[in-house]
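Remarks on the structure that follows.
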Amino acid sequence: MSDVVSIVLKRLGLGLITLFVISVIIFLAVEMLPGDIAQAVLGQGATEENVAALRKQLGLDQPAPIRYLDWLAGAVVGDFGVSLVTQSPVGEVIGPRFANTLFLACYAAAIAVPVAIILGVIVALLRNTLFDRVANVMALTSISSPEFFLGYVLILYLSVKTGMFPSIAKLSPDMTFFELLNRTFLPALTMVLVVVAHMMRMTRAAIINLLSSPYIEMARLKGVPAWRVIIKHALPNAWAPIINVVALNLAYLITGVVLVEVVFVYPGIGQLLVDSVTKRDFTVVQACCLIFAATFILLNLAADVLAIITNPRLRYKK
Amino acid sequence: MALNYFVIGYYALLIGASCMTAHYNMRGAFLALFSLTLASFVMGIIGGEPALWSVTVGAGVIALCAGTAFAFREFLSIILPHEGAKAMRSAPLTASFGLFVIGTYAIAGIFAPIIAPFGEAEVIAQAFEPANEEMLLGADQLGRDLFSRLVYGARNTVGLALVATIAAFVMGALAGLLAATVGGWFDQFMGRFADVIMSIPSLIFALLMLSIFGTNLFVLVIIVAIIYSPRVFRLTRAVAGNIVVMDYIEAAKLRGEGLWYLIRREILPNSTAPLIAEFGLEFCFVFLLVAGLSFLGLGIQPPTADWGSMVRENATLISFGEITPLIPAGAIALLTVSVNFVVDWMLYRSSGLKE
């Protein structure tokens, strides 16, 4: 076991370092502004006194390393400072929106993961048949479409023309859970379409790769029925690649969510990020970017760690 | 469901075709056709005649695409010189369809001012005026001809994505080749640098940078190039790493050739095949990112015609059941799909995934 533990610890350490570097990059990005934040917020016409006052209020009179540590210490406990535009605490604005985004991502994942894995396995078993080719073409089409194209197609056909689902994902706190699922169905479906295609293709590649290995051929040759070959011989070794595929695509959802939220006017963190970029509200942008990047890195980290743990070859001492 | 000539003809055709395929032992085609027949029963009962019509229209569009692709493949395999013709003859229909679409877009982009009946920023009608003889697709939210803007968009959007891809490619490939040839700490440093950039989601990184440097085209190209160059870097380094250890490289080094000569004359010619396929994939990523940024209002700025922002500007029409905003979005999707089809074929040819 110690082998696995040390590999996992190494990977965790690497992940933490990456996270640290990313936080430095996000912090430094704002430092690269021509002039500084105070100048950028108040514009060219501001008087010296105003700029100086804002600098003091934002703590810009401190040196950069100290401000970085302050910012990081706050960020760890969810305090991201004050929005430059609305003056309200960023943490309070982001909190509920982040919960909404997580809900949407989980909703999409709950549909996408089982569908994609089952489809991927079927397609891999039926490889090079007509079904496989049709599925491949459809998957490529759905991967290549921008999220807003899929979103508007779904709105047009499932909402405007047939009225089956609401097109705008407005949320209110007194909605029942079922109502919530109905309201957020179209944005979730849009993400499902993109992610299922990715996951299906990757699962297919992983399974085909596995099925061509000698021990599977051996099992077939000694007369094991096809379903037992899959369940007893292929699946235990397939878990690692499949888990990897799932986690990578969940990480992909994190980016896709920005465009989907804008299309469906969903009150999530992606929408907030885009708004803040247009308003040049740097503290909010920093906070959103940090959250997105951290989630992305953590999911990738989880993928690697799970792949290490489920790898049967690492479980036994040599 | 009314039992009229259309419905009877529809089922007669499907069942007849299924029987034909079954008779000639085409199992795949038979299964596909017969399951379509069964699915039509269900859809016909739920959706009535319109559902059957949409199936017919869909089948017609697919048949038209397949026909175009087939004709284009034959055309290419006749006019191309020997090597190309041989490759084309074995190409799948999807690949020749992709080539056809890419060719069409290229022509539209290059000859935009000749093809488009109006200028890209020319106001010629009322806002959202429907299509008529003058305007093929109607007017947009300011009364500009949508078709002309679509044609100019092929030049602006695709052009920008192409420039950004080339920039990313040159940066990534140069760094990769250098890292493979020089090795040592330079290799290590570039590798870790690429890891860090790849661990930030691309759209998020782009938004962060755009919020700081503002939205202008030069900044956009540089940012996109930086975001996507690590992918090229990794591939080039891996491919070049396999070549650097070859004997002929050793021979060239002993001859006293310089670094630049090694890269240009020995390594690059032997790593073109995977790099070309990567260029296609990279273009798709860049194109989708640029289109996404434009859709968010942070890419190409108006009044320049651009597909992403055209979708956003006309988005309100969707709630009236109009497909106008879907046209530029569909144009984006069609090009990406086509490039993917061609890349898929090239990867298949070069990687020996011919199980």
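The values are calculated or read from the model by the stated rules, or taken from the named source; none is laboratory data. All figures in this text were calculated on a predicted structure; none of them were measured in a lab. When we count neighbours, we look across all protein chains shown, and the Cβ atoms used for this are built from the backbone with ideal geometry, even at glycine. The area values use the complete protein model at the heavy-atom level, side chains included, leaving out ligands, DNA and RNA. Shrake-Rupley method; radii C 1.70, N 1.55, O 1.52, S 1.80 Å.
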> So which residues in segment B:48-65 are within 13 Å of another protein chain (Cβ to nearest Cβ), open to solvent by less than 40 Å² (accessible area, probe 1.4 Å) and at negative phi?
Replying inline: B:Ala51, B:Gly58
>> Can you say whether B:Ala131 is assigned by TED's automatic domain parsing to the domain that holds B:Tyr228, touching a Lys or Arg at 6+ places or on another chain (Cβ under 7 Å) and open to solvent by 10 Å² or more (accessible area, probe 1.4 Å), as far as the supplied structure shows?
In response: no
>> part of a helix (DSSP H, G or I), free of Cβ contacts under 8 Å to residues at least 40 places away in the same chain, farther than 30 Å from B:Ala305 by Cβ and in the same structural domain as B:Leu160 (by TED's automatic domain parsing): is that true of B:Phe193 in this structure?
In response: yes
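When only residues in segment B:24-47 that are of a type in the set (Val, Ile, Thr) and surrounded by fewer than 11 Cβ atoms within 10 Å (Cβ to Cβ) count, which is modelled with the highest pLDDT? Steps first, answer last, please.
Quick first cut of segment B:24-47, residues of a type in the set (Val, Ile, Thr) only: B:37, B:42, B:45-46.
Cutting the leftovers down to surrounded by fewer than 11 Cβ atoms within 10 Å (Cβ to Cβ) gives us B:42, B:45-46.
Working: B:Val42: 83, B:Ile45: 79, B:Ile46: 77.
For segment B:24-47, the residue satisfying everything is B:Val42.
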> So is A:Asn244 open to solvent by less than 30 Å² (accessible area, probe 1.4 Å) and more than 11 Å from every other protein chain (Cβ to nearest Cβ) or not?
Replying inline: no
> Can you tell me how many residues in segment B:259-303 are of a type outside the set (Asp, Glu), open to solvent by less than 50 Å² (accessible area, probe 1.4 Å) and within 13 Å of the chain's Cα centre (by Cα)?
Replying inline: 11
>> The conditions are (1) more than 7 Å from chain B (Cβ to nearest Cβ); (2) buried (at least 22 other Cβ atoms within 10 Å of the Cβ), and A:Phe292 fails exactly one of them. Which is it?
In response: (1)
> List pairs: first in segment A:207-220 and within 12 Å of A:Arg127 (Cα to Cα), second aromatic (Phe, Trp, Tyr), Cβ under 7 Å, 6+ apart or cross-chain?
Replying inline: none
>> Checking the structure you have, find out if any residue of segment A:203-214 is surrounded by fewer than 23 Cβ atoms within 10 Å (Cβ to Cβ), of a type in the set (Ser, Thr, Tyr) and within 34 Å of the chain's Cα centre (by Cα).
In response: yes
>> Out of the residues in segment A:149-179 meeting the condition of being part of a helix (DSSP H, G or I) and touching a residue at least 12 places away in the same chain (Cβ under 8 Å), tell me which one is most open to solvent (accessible area, probe 1.4 Å).
In response: A:Leu158
> Considering segment A:263-281 alone, what residues qualify as being open to solvent by 20 Å² or more (accessible area, probe 1.4 Å) and under 30 Å from A:Thr203 (Cα atoms)?
Replying inline: none
> In segment B:186-200, is there at least one residue being out of contact with any helix residue (DSSP H, G or I) (no Cβ under 6 Å at 6 or more places or on another chain) and within 18 Å of A:Cys289 (Cα to Cα)?
Replying inline: yes
>> For segment B:269-320, give me each residue that is touching a helix residue (DSSP H, G or I) at 6+ places or on another chain (Cβ under 9 Å), among the polar types (S, T, N, Q) and closer than 18 Å to B:Arg144 by Cα.
In response: B:Gln301, B:Thr304, B:Ser309, B:Asn314
>> Given the condition away from chain B (no Cβ under 14 Å) and open to solvent by 40 Å² or more (accessible area, probe 1.4 Å), answer yes or no: does some residue in segment A:28-44 qualify?
In response: yes
> If we only count helices (runs of 4 or more DSSP H) wholly inside segment A:38-134, which ones have 2 or more residues that are aliphatic (A, V, I, L, M), in the same structural domain as A:Ile243 (by TED's automatic domain parsing) and farther than 22 Å from A:Gly268 by Cα?
Replying inline: A:90-125
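Here's the yes/no breakdown for (1) touching a Leu at 6+ places or on another chain (Cβ under 7 Å); (2) touching a residue at least 60 places away in the same chain (Cβ under 8 Å):
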{"site": "A:Asn244", "(1), (2)": "no, yes"}
{"site": "A:Leu248", "(1), (2)": "no, no"}
{"site": "A:Gly256", "(1), (2)": "no, yes"}
{"site": "A:Glu261", "(1), (2)": "no, yes"}
{"site": "A:Pro267", "(1), (2)": "yes, yes"}
{"site": "A:Gln271", "(1), (2)": "no, yes"}
{"site": "A:Val277", "(1), (2)": "yes, no"}
{"site": "A:Thr283", "(1), (2)": "yes, yes"}
{"site": "A:Cys288", "(1), (2)": "yes, yes"}
> Among (1) more than 10 Å from chain A (Cβ to nearest Cβ); (2) at pLDDT 90 or above, where does B:Phe287 come up short?
Replying inline: (1)
>> Take A:Thr190 and tell me if it is closer than 19 Å to A:Ala105 by Cβ, of a type in the set (Ser, Thr, Tyr), assigned to a helix (DSSP H, G or I) and within 24 Å of the chain's Cα centre (by Cα).
In response: yes
> For segment B:1-23, which residues satisfy the criterion of being open to solvent by 40 Å² or more (accessible area, probe 1.4 Å) and at pLDDT below 85?
Replying inline: B:Met1, B:Ala2, B:Leu3, B:Asn4, B:Tyr5, B:Phe6, B:Ile8
> Only one of A:Leu259, A:Leu299, A:Leu250 is surrounded by 24 or more Cβ atoms within 10 Å (Cβ to Cβ) and either under 11 Å from the mean Cα position of the chain (by Cα) or facing chain B (nearest Cβ under 10 Å) (or both); which?
Replying inline: A:Leu259
>> So in segment B:308-340, with the set limited to residues that are among the hydroxyl-bearing types (Ser, Thr, Tyr) and within 7 Å of another protein chain (Cβ to nearest Cβ), which one is surrounded by the fewest Cβ atoms within 10 Å (Cβ to Cβ)?
In response: B:Ser319
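Where in segment B:78-164 are there helices (runs of 4 or more DSSP H), lying wholly inside it, with at least 1 residues that are out of contact with any Cys (no Cβ under 8 Å at 6 or more places or on another chain), under 26 Å from B:Val221 (Cα atoms) and not aliphatic (A, V, I, L, M)?
The qualifying helices (runs of 4 or more DSSP H) are B:93-110, B:112-115.
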> Picking from A:Asp275, A:Asp304, which residue would you name as being within 16 Å of the chain's Cα centre (by Cα), within 14 Å of chain B (Cβ to nearest Cβ) and part of a helix (DSSP H, G or I)?
Replying inline: A:Asp304
> If you go through segment B:290-325 one residue at a time, how many are among the small types (Gly, Ala, Ser) and assigned to a helix (DSSP H, G or I)?
Replying inline: 7
> Just checking, how many residues over segment B:159-196 are buried (at least 18 other Cβ atoms within 10 Å of the Cβ) and within 14 Å of another protein chain (Cβ to nearest Cβ)?
Replying inline: 2
> Out of A:Gln62, A:Gln57, A:Gln44, which single residue is modelled with pLDDT under 70 and out of contact with any Gly (no Cβ under 7 Å at 6 or more places or on another chain)?
Replying inline: A:Gln44
